[in-house]
Amino acid sequence: MKLRPDIVGISLILVLAPFWLPLVHGYEALGTRVLVLGLAAMSLNFLLGFTGVLSFGHAAYFGLGAYGCGFALKYLAPSTPLAILCGMLLGTIAGALLGALIVRRRGVYFAMVTIAFGQVFYFIAFRWNTLTGGDDGLRGFSRQPIDLGFTTINIADNLTALYYFVLVCFAIAVGLMGLLLRSPFGRTLLAIRENERRARFLGLPIEQHIWLSFVISCAFMSMAGALYALLNNFADPKGLHYTQSGDFVIMAVLGGMRSFWGPLLGAAVFVVLQDSLSSMTTNWQSWIGVMFVIVVLFFPRGLLGFLRRKSQA
Amino acid sequence: MDTQLILFNGFNGLIVGAFYVLMALGLSLILNLSGVINFAHGGFLAVGGYLAYTLTPYIGFWPSLLVAPTLTAILGVVIERTMVRRLYGRDPLYSLLLTFGLAFIFEDMTRAIWGAQGVPFAPPEYLSQPISLDLFFVTYYRLFMMAVVFIAVLALFMFLRYTRIGVRIRAGTLDLETVSALGVNVRALRTLNFAVGIFLAGLAGVLAGGNLSLEPTMGANVLMPSFVAIIVGGVGSLPGTLVGGLLIGVAAGLTSVWFPSASEAVIYVIMAVVLLVRPRGLMGEEGVMT
């Protein structure tokens with residue numbers, strides 16, 4: 001296999017992040033957040049950019065991953081891998097069930113139904129105080145060191161170790177998504193995106209493909225959610241709210257949803273922007289809103305799409 | 001079970017349902033003709049309520065009932081002309097994101113102008129009396145609200161049924177290209193339609209402010225149920241939206257009699273059941289907007 005320059009470049013940037021982040025006044029927790037939210041945005045983009053289906057309720061699966069991870073650590077067993085697995089199971093099962101309900105809808109209708117269904121989980125988390133901690137979120141669990149048999153990686157206290165742990169998870173997930181997209185299955189998704197009617201005339205089972213893409217997207221989304229819960233030692237009902245879904249969509253669009261790495265770039269820009277805006281002004285929400293408007297009106301192809309176009313011109 | 005309690009919650013549900021109807025009808029109008037899911041609709045609702053609050057000391061309650069929604073509608077026209085219009089015909093993703101961002105700005109701006117704390121917006125004293133001691137929850141104001149919603153809905157349906165512009169809006173919902181080819185100015189039609197939708201949101205804001213109090217987040221809270229109302233009733237059908245709004249309002253109200261903490265979730269259960277049994281919604285037609 002040929003070495004692809006983009007993959008080599010991104011790998012280098014990410015692997016070396018703990019060394020160069022302090023130089024630009026960054027910190028490791030911020031880098032870890034970019035990775036986690038970047039994974040979330042890339043998972044959403046699997047559906048949005050590569051299947052052409054607009055889900056505006058993906059925060060639900062992100063949040064379910066976080067809660068599943070928290071429940072496992074709090075009530076089941078103190079094991080980090082088990083917790084991630086539980087988070088992924090919860091989010092994926094929910095995605096598979098709801099996906100089956102909505103897979104026949106398209107466009108605006110699909111978006112509305114996904115938004116509305118996403119809110120169910122928000123209200124459950126918000127109201128079921130005894131289990132979820134309600135408005136305060138789920139607390140009382142903490143990430144556990146990883147036992148590899150011959151050695152233990154202490155991700156509980158060492159933030160650099162945590163960063164590399166998240167990076168490994170990120171690399172596995174993103175690698176799997178990349179492989180899936182290069183497979184015949186992924187090519188079929190692209191065909192559906194480009195022209196659904198033609199794909200249907202070719203005899204492809206469209207609904208099955210969209211459903212499967214939805215479930216895969218939810219699986220990686222809930223993995224990101226689980227990692228987010230580990231990062232914060234906390235699961236937040238706001239992570240389930242539809243405004244969070246909107247944040248994920250804008251990350252994907254901001255970076256460029258037609259490119260594989262775009263959402264990661266979008267997440268990085270978004271996280272850094274949010275981090276610095278919220279420390280500067282109390283009206284940071286407005287500025288995020290203004291960013292939405294500017295991206296939609298002036299950079300609908302995202303940063304990568306914009307740069308690519310400029311280099312061609 | 002106490003009948004009064006059931007009546008109380010059922011009536012509350014009906015009031016809430018009436019709000020959903022006003023919100024959802026406006027959303028539906030814009031969605032049907034322009035294919036835009038207006039996330040900022042809740043923001044317009046809040047603006048309508050706060051404008052009435054500011055105007056009432058100067059012009060009185062009754063005039064502000066009409067003036068505040070009209071001003072809100074004008075704001076809507078400005079936003080439609082400058083921003084939303086550019087996105088017609090594009091992937092619905094973009095108008096969704098635009099209005100989503102606008103909703104953030106609206107909420108933040110209302111907070112900056114009128115404060116994060118809720119402000120009381122009292123309707124005239126004679127309207128806040130209950131009609132009887134047994135039915136203490138049935139105040140004249142609430143009856144008045146129901147009447148206003150009824151009149152607004154009736155007026156909307158008459159407008160769409162009997163006026164030339166209304167007929168064009170309905171025709172445009174079915175086939176905009178043909179309507180345009182017949183010489184109708186589709187751009188102006190969409191702007192007007194947007195204004196009508198926002199007017200309804202502003203009106204709902206004024207009424208809601210008198211019922212509870214004004215808060216910057218008040219619009220965002222009714223937005224999701226309004227989406228559910230549209231989906232339950234059937235995307236593309238205004239009568240469906242009406243039925244859907246009342247249905248989920250009353251259902252949520254009655255649920256709070258027996259199982260208060262599930263009153264928000266129950267509307268989503270209804271939506272799931274409807275989508276399972278009748279995917280196009282109660283009164284939706286197959287093939288429209290799906």
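Values quoted throughout were computed directly from the atomic coordinates according to the rules given, and no laboratory measurement underlies them. This one's a predicted model, so the numbers in the text were calculated from it and none came from an experiment. A quick note on method: Cβ atoms are made from the backbone with ideal geometry, for glycine too, and the neighbour counts reach across all protein chains shown.
At the listed q of 0.10 Å⁻¹, the Debye profile of segment B:60-218, built from one uniform point per Cα, gives log10 I(q)/I(0) equal to -0.49.
Ordered by the number of other Cβ atoms lying within 10 Å of each residue's own Cβ, fewest first, A:242, B:140, A:164, B:20 fall into the sequence B:140, A:164, A:242, B:20. The residues B:215, A:207, when put in order of fewest to most other Cβ atoms within 10 Å, stand as A:207, B:215. Spin-label model, residue A:30 to residue B:144: label points 7 Å out along the Cα-to-beta-carbon direction sit 5.4 nm apart. Spin-label pair residue A:238-residue A:309: with each label point 7 Å from Cα along the Cα-Cβ axis, the two points sit 3.3 nm from one another.
Sequence-ordered 3J(HN,Hα) estimates for segment A:180-190 from the Karplus curve with 6.51, -1.76 and 1.60 and θ = phi - 60° stand at 4, 6, 7, 6, x, 4, x, 5, 5, 4, 4 Hz, glycine and proline given as x.
Three semi-axes describe the equivalent ellipsoid of segment B:1-105; taken as square roots of 5 times the Cα gyration tensor eigenvalues and ordered largest first, they are 30, 21, 11 Å. For segment A:106-208, the average shadow cast by the Cα convex hull is 11.1 nm², which is a quarter of the hull's surface. Here the gap between residue A:294 and residue A:128, fully extended at 0.36 nm per residue and compared with their Cα-Cα distance, gives a gain of 55.9 nm. Mean-square fluctuations from a GNM of chain A, with a 10 angstrom spring cutoff on Cα atoms, peak among A:257, A:291, A:280 at A:280.
Rounded to the nearest 500, what is the protein assembly as shown's calculated 222 nm mean residue ellipticity when only DSSP H runs of at least 4 contribute -39500 (n - 2.57) each, over all residues? Intermediate values should be presented prior to the final figure.
Numbers: 26 runs with 435 residues, N = 603.
Helix-only estimate at 222 nm: -24000 deg cm²/dmol.
Computed extension length for residue A:96-residue A:77: 4.3 nm, one decimal, from 0.36 nm per residue of separation with the Cα-Cα distance subtracted. Summary value for segment B:15-216: 45 percent relative contact order, contacts being C-alpha pairs under 8 angstrom separated by 6+ residues. Across chain A, C-alpha contacts under 8 Å between residues 6 or more apart give a mean separation that, scaled by the residue count, equals a relative contact order of 31 percent. Taking the average, over residues, of other Cβ atoms within 10 Å as the packing measure, peptides A:171-183, A:71-83 rank A:71-83, A:171-183 from highest down.
Based on alpha-carbon atoms, the Kirkwood radius and the radius of gyration of segment B:94-172 give Rg/Rh equal to 1.16. For A:249, B:196, the sequence from fewest to most other C-beta atoms within 10 Å is B:196, A:249.
Size descriptors for segment A:27-312: radius of gyration and Dmax over Cα atoms are 18.6, 57 Å. Across peptide A:113-121, the average count of Cβ atoms from other chains found within 10 Å of a residue's Cβ is 6. For segment A:253-262, the Karplus equation 6.51 cos²θ - 1.76 cosθ + 1.60, evaluated at θ = phi - 60°, returns couplings of 5, 4, x, x, 7, 8, 10, 5, 8, x Hz by residue, with Gly and Pro reported as x.
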